[in-house]
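Colleague: Structure in structure tokens, see below.
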Amino acid sequence: MARAMVLSTNEAVKQAVMAGLGVSIVPLIGMRGALREEKAVVVPIRGLPLRSTWHIVWPSGKVLSPAAQAFVQALRTDGPRWIAQHFG
């Protein structure tokens, strides 16, 4: 009989996996430290990793604060470089 757990955060899932409670599909970025410390391993599975596309959105008509405008501009200008540098 298969058993399942429902956990509400990626960190909770990571801790459960590291405690030996099972396996999971989680974002690699959240597991880098555990992988480096050999507290977890990546198991190659056909069809993985899953790829996703992220979008930044806000309500139409919303006037962004100067900080939000700077953040959006930084993503547009430097986002591809940041992704390649940190997640490539």
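Colleague: Of the residues A34, A67, A84, A74, which is farther than 30 Å from L7 by Cβ and either surrounded by 10 or more Cβ atoms within 10 Å (Cβ to Cβ) or in contact with a Pro (Cβ under 7 Å, 6 or more places away or on another chain) (or both)?
Modeller: Details: A34 fails: farther than 30 Å from L7 by Cβ; A67 fails: either surrounded by 10 or more Cβ atoms within 10 Å (Cβ to Cβ) or in contact with a Pro (Cβ under 7 Å, 6 or more places away or on another chain) (or both); A84 fails: either surrounded by 10 or more Cβ atoms within 10 Å (Cβ to Cβ) or in contact with a Pro (Cβ under 7 Å, 6 or more places away or on another chain) (or both).
Of A34, A67, A84, A74, the one residue that is farther than 30 Å from L7 by Cβ and either surrounded by 10 or more Cβ atoms within 10 Å (Cβ to Cβ) or in contact with a Pro (Cβ under 7 Å, 6 or more places away or on another chain) (or both) is A74.
Colleague: Follow-up. Answer yes or no as to whether S52 is within 18 Å of the chain's Cα centre (by Cα) and closer than 25 Å to A2 by Cβ.
Modeller: Numbers: within 18 Å of the chain's Cα centre (by Cα): yes; closer than 25 Å to A2 by Cβ: no.
No.
Colleague: While we're on this one: Across the stretch 51-82, what is the total count of residues that are of a type outside the set (S, T, N, Q) and more than 29 Å from V26 (Cα to Cα)?
Modeller: Step one: list which residues in the stretch 51-82 are of a type outside the set (S, T, N, Q), which gives 51, 54-59, 61-64, 66-68, 70-72, 74-76, 78-82.
Going one step further and asking which of them are more than 29 Å from V26 (Cα to Cα), we end up with 59, 61-64, 66-67, 70.
The total comes to 8.
Colleague: Here's something else I'd like to know. Does any residue of the stretch 60-83 turn out to be modelled with pLDDT of 90 or more and on the phi > 0 side of the Ramachandran plot?
Modeller: Yes, because at least one residue in the stretch 60-83 is modelled with pLDDT of 90 or more and on the phi > 0 side of the Ramachandran plot.
Colleague: I've got another one for you. Provide a single number: the residues in the stretch 1-23 that are under 15 Å from V42 (Cβ atoms), among the hydrophobic types (A, V, I, L, M, F, W, C) and surrounded by 14 or more Cβ atoms within 10 Å (Cβ to Cβ).
Modeller: The qualifying residues number 2.
Colleague: Determine which member of the set K62, K14 is of a type in the set (K, R), farther than 20 Å from F87 by Cβ and without any contact (Cβ under 8 Å) to a residue 40 or more places away in the chain. Walk me through it before giving the result.
Modeller: Working: K14 fails: farther than 20 Å from F87 by Cβ.
From the options K62, K14, the qualifying one is K62.
Colleague: Also: Could you tell me which residue of the stretch 7-34 is modelled with the lowest pLDDT, considering only residues that are touching a helix residue (DSSP H, G or I) at 6+ places or on another chain (Cβ under 8 Å) and small (G, A, S)?
Modeller: Looking at the filtered set, the residue picked out is G30.
The values are calculated or read from the model by the stated rules, or taken from the named source; none is laboratory data. Nothing here was measured: the structure is a model prediction, and the numbers come from that model. Here Cβ is always computed from backbone atoms with ideal geometry, including for glycine, and neighbour counts include all displayed protein chains.
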